[in-house]
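What follows is a set of notes on a single structure, which appears directly below.
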Amino acid sequence: MKSAFYLFFTILIFTNCSKSVFVTPQGDFSEEKAAAAPDYSKSFYWAALPTKQDEADKTPKGIANEQANAAVDVFFMHPTIYTGKEGDDQWNGPVNDPALNKRVDESTIRFQASIFNGVGKVYAPRYRQAHINAYYTQDKAQAKQVFDLAYADLKAAFEYYLANYNNGRPIIIASHSQGTTHSRRLVKEFFDGTELQKQFVAGYLVGIPVLKNEFENIPVCQSPTETGCFVSWRTFESGHNPSGFTSDKIAIVNPLSWTTDDQKAPKEENKGAILRKIKKVYPALANAQVVPNKGILWTDKPKFFGSFLLKNPNYHIADFNFFYLNVRENAKARAAAFLAKQ
């Protein structure tokens, strides 16, 4: 029974839910109807802090959580977890909902934010995330209000972090999916051409299109140890050309070779992926290739127990999972290169 349980969830994380299973909030967006804003002076409103025990502390077997002695900070913005349930009337997920917070902690914080406990002190704020259907609604004006409210929380969290936690330390910005929708804006506002840019180690802005010229003063990374730059990718099964937004203007960096060329990095260069058990690492699970002029990353269909059931060629939810140890080691390499220049 236990093995069947893990097989089910292994398949689930690589299968995007159709929009029909999401429960759209009743009525229109109303800021007055939204849950109260987080108070970031309270640790409850942080999914991860280096001073408390949380899911970002988890590591694969034999790998240490190095936050205690880390010389840099990581500010992580999580993806969309709020998909709604019957009776919801809020377009932004309430940060005081225990069930929603548990889903956040046991998914994105455990499997994505934990990557960075090998390089920095991890800060991951809870925020009134936009409902998943904010990406699909035809009411773009309302969607903007929903995303603006979510960003306002993250901006407030980052300002609190700067004033109370950072103390002039180097910073890595990391994000996935909706987190990257907001991190693009945050990097522009706080780092791009500002005094704070001197503290910017790198950005791992993954899962949402980021343009090559998104920032005026922060380029796309071109090598594994370049600093002051950003990386981004969106993962699909090899051969699949998504009908969504593709363009040669979108930045894509190969998370195995850490270059932007279209040379396929073989799976033997993949040091370890994570599926549904944080303790178990799967080396050589996935290769990686930048697709020229498309702004996407291809990987051959991975092989693991139950992978024959994978039908969806969009591997969005595994953007970080497939390359877990490579991202972890690359973040450490960039941090070391940054610190060596100080």
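No lab work stands behind these numbers, since they all come straight from the coordinates. Everything quoted here is computed from the prediction, not taken from an experiment. So basically every Cβ, Gly included, is an ideal-geometry build from the backbone, and we count neighbours across all protein chains shown.
So here's what we get for this one:
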{"quantity": "Only Lys, Arg (+1) and Asp, Glu (-1) charged, at Cβ; the chain dipole about Cα centre in debye", "calculated": "1040"}
{"quantity": "Lys/Arg +1, Asp/Glu -1 at C-beta; the stretch 85-189 dipole; positive extreme among Asn167, Pro98, Ala130", "calculated": "Asn167"}
{"quantity": "Approximate shape of the stretch 98-184 as ellipsoid semi-axes (Cα gyration tensor, √5λ), whole Å, largest first", "calculated": "25, 16, 11"}
{"quantity": "Amide H partners (placed H, <5 Å) of Cys229, local residues excluded", "calculated": "Gly203"}
{"quantity": "Amide H contacts under 5 Å for Gln90, placed H, 5+ residues apart", "calculated": "Gln26"}
{"quantity": "Residues with amide H under 5 Å from that of Trp46, placed H, sequence gap 5 or more", "calculated": "Arg126"}
{"quantity": "Size of electric dipole in the stretch 253-313: Cβ of Lys, Arg +1 and of Asp, Glu -1, about Cα centre, debye, nearest 20", "calculated": "500"}
{"quantity": "Sequence of Phe190, Phe111 once ranked by neighbouring C-beta atoms within 10 Å, starting from the fewest", "calculated": "Phe190, Phe111"}
{"quantity": "For the chain, built as a Gaussian network whose Cα springs stay under 10 Å, the top-fluctuating residue of Ile208, Ile171, Ile278", "calculated": "Ile278"}
{"quantity": "Relative contact order (%) - criterion: Cα under 8 Å, at least six apart; region: the chain", "calculated": "19"}
{"quantity": "Kirkwood hydrodynamic radius of the stretch 173-247, from inverse mean 1/r over distinct Cα pairs, in Å", "calculated": "13.0"}
{"quantity": "Per-pair calculated FRET efficiency, R0 = 22 Å: Ala337 and Thr259 via Cβ, rounded to 0.05", "calculated": "0.90"}
{"quantity": "Expected 222 nm ellipticity per residue - DSSP helices of 4 or more, -39500 (n - 2.57), all of the chain, to 500", "calculated": "-6500 deg cm²/dmol"}
{"quantity": "Beta bridge orientation in the chain: antiparallel %, DSSP, nearest 5", "calculated": "30"}
{"quantity": "Proxy reagent accessibility, fewest Cβ within 10 Å first, across Leu205, Leu186", "calculated": "Leu186, Leu205"}
{"quantity": "When each of Lys61/Lys121; Lys58/Lys280; Lys121/Lys332 is checked by Cα-Cα distance, pairs over 18 Å", "calculated": "Lys61/Lys121"}
{"quantity": "Fewest-first sequence of Phe230, Phe322 by Cβ atoms within 10 Å of each Cβ", "calculated": "Phe230, Phe322"}
{"quantity": "Alpha-carbon Debye profile of the chain, log10 I(q)/I(0) at 0.08, 0.09, 0.14, 0.15 Å⁻¹", "calculated": "-0.35, -0.44, -1.18, -1.38"}
{"quantity": "Binned Cα-Cα distance frequencies in the stretch 263-339 - 10 Å width, integer %", "calculated": "17, 47, 29, 6, 1"}
{"quantity": "For the stretch 20-340, with +1 on Lys and Arg beta carbons and -1 on Asp and Glu, the positive-most of Phe304, Phe245, Val23 along the dipole", "calculated": "Phe304"}
{"quantity": "Pair Lys33, Lys303: separation of 7 Å Cα→Cβ label points (nm)", "calculated": "5.2"}
{"quantity": "Choice from Thr260, Thr83, Thr51 with maximal GNM fluctuation in the chain (Cα, 10 Å cutoff)", "calculated": "Thr51"}
{"quantity": "Contact order relative to length of the stretch 234-338, as percent, for alpha carbon pairs under 8 angstrom and 6 or more apart", "calculated": "35"}
{"quantity": "Helix runs (DSSP H) in the chain reaching 15 Å along axis by Cα, Kyte-Doolittle at least 0.5", "calculated": "2-13"}
{"quantity": "Estimated dipole of the stretch 206-342 in Debye, rounded to 20 [Cβ of Lys and Arg +1, of Asp and Glu -1, Cα centre]", "calculated": "660"}
{"quantity": "For the stretch 130-135, 3J(HN,Hα) per residue [Karplus equation, 6.51 cos²θ - 1.76 cosθ + 1.60, θ = phi - 60°, Hz, x = Gly/Pro]", "calculated": "5, 4, 4, 6, 5, 7"}
{"quantity": "Contour excess over end-to-end distance, with Cα ends at Lys61 and Ser107 and 0.36 nm allotted per residue", "calculated": "14.7 nm"}
{"quantity": "Choice from Tyr135, Tyr324, Tyr45 showing the highest fluctuation, given a GNM over the chain with Cα pairs closer than 10 Å", "calculated": "Tyr135"}
